[in-house]
1. So which of V156, V99, V180, V173 ends up being modelled with pLDDT of 90 or more, among the aliphatic types (A, V, I, L, M) and more than 21 Å from I203 (Cα to Cα)?
2. Can you tell me which residue is surrounded by the fewest Cβ atoms within 10 Å (Cβ to Cβ) among those in region 71-88 that are in contact with a strand residue (DSSP E or B) (Cβ under 6 Å, 6 or more places away or on another chain) and over 20 Å from D17 (Cα atoms)?
3. Condition test on F189, is it free of Cβ contacts under 8 Å to residues at least 60 places away in the same chain, assigned by TED's automatic domain parsing to the domain that holds K76 and surrounded by 20 or more Cβ atoms within 10 Å (Cβ to Cβ)?
4. Determine whether G181 is in a helix (DSSP H, G or I), assigned by TED's automatic domain parsing to the domain that holds S169, of a type outside the set (S, T, Y) and farther than 30 Å from K135 by Cα.
5. Show the residue pairs that are 6+ apart or on different chains and have beta-carbon atoms under 8 Å apart, the first residue being within region 147-168 and in the same structural domain as A198 (by TED's automatic domain parsing) and touching a residue at least 12 places away in the same chain (Cβ under 8 Å), the second being hydroxyl-bearing (S, T, Y) and surrounded by fewer than 16 Cβ atoms within 10 Å (Cβ to Cβ).
6. Could you please let me know if E216 is within 36 Å of the chain's Cα centre (by Cα) and not assigned by TED's automatic domain parsing to the domain that holds W270?
7. Is it the case, given these coordinates, that V16 is over 21 Å from K165 (Cα atoms), touching a strand residue (DSSP E or B) at 6+ places or on another chain (Cβ under 9 Å), in contact (Cβ under 8 Å) with a residue 40 or more places away in the chain and aliphatic (A, V, I, L, M)?
8. Filter region 210-228 down to residues that are among the polar types (S, T, N, Q) and surrounded by 15 or more Cβ atoms within 10 Å (Cβ to Cβ) and give me whichever is nearest to T130 (Cα to Cα).
Amino acid sequence: MNQIWTDLNSPTKEEVDSLILTQKIDPLIAKDLLSPTPSQYIKDKDNFIYTVLHIPNFRHSHSESVPQEIDFVISKDSLITTRYDSIDALHYFAKQIEVNEILNKGENSNVFFSMMKEIYRGLEDELSYTEDWMKQIEEKIFKGQEREMVFAISNVSRNLLNFRKTIDSHGNVFEFLRDVGTEKFGQDFGKQAKTLIAEWRQIMRVINNQIELITELRETNNSMLSTKQNEIMKIFTIMAFVTFPLALIAGIFGMNAEHIPIVGHGNDFWIILGIMFVISLAMFAYFRYKKWI
């Protein structure tokens, strides 16, 4: 790579001022390098293209997706990146450059696109991790852990939606690079931008497929949870129907009336108990006939 890459981690004002002097960067663009930017965007100025990209990151734990920011200042012969956190993809990319220089294996590609290729490889790993996470959720759903999976499904769904929201903005940035970059840096730059757009579309397809899958898992989990709750409610309802007549019979024979049939006769307790047993048995038989139990 016959280009110069300058990487700054949480740059100071002195470092940014140095870039203004040595790289002839517009002061307004340089000012944006001092702190994170809430939105992603791209613009061109003189011989530079400046873009802000947010990169989703799950941190390989079942937790919230936290986007990381990289600011790029792209020129024909150089690339400046600023970041405000440790980003694995950039670390791996730097290692690759060191190895390529040692082995004399420099690639004939713009350093920005080589870097984005590494970043998108990391995004594919994140999505593979999410796919494994969803497989675990599916297994647990069918093992009867529907209630425990409600939160897990919501967590995955939130992460994927945030992931898609972040990555979706990359499309406009890459299309701008294709159009404006071709004019500024030549046809080869535009071709590499088209390749990057194709990789972005592939990532978007994977994200959308995973969102559809987690939606189906949510519906399946809700259906199974609802079925289980309905079964529980049915059992309680049947118990109420069975115990009500028994309580009524017990209440009738427990009245303080002078003349109550059966009460006072020999074996009256067993007769009353037998009546209650027969009624219970008849009700269970009726419920079984109706296939309610």
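The values are calculated or read from the model by the stated rules, or taken from the named source; none is laboratory data. The shown structure was predicted, so the numbers you read here are calculated from the model rather than taken from an experiment. Counting neighbours? That spans all protein chains shown, and the Cβs are built from the backbone with ideal geometry, glycine included.
1. Exactly one residue qualifies, and that residue is V180.
2. The residue in question is D85.
3. Answer is no for this residue.
4. Yes; evaluated as a whole, the condition is true for this residue.
5. Pairs found: N155/S63; S157/T215.
6. Yes: the conditions hold for E216.
7. Taking the combined requirement at face value, the residue does not satisfy it.
8. Checking each candidate, the answer is Q210.
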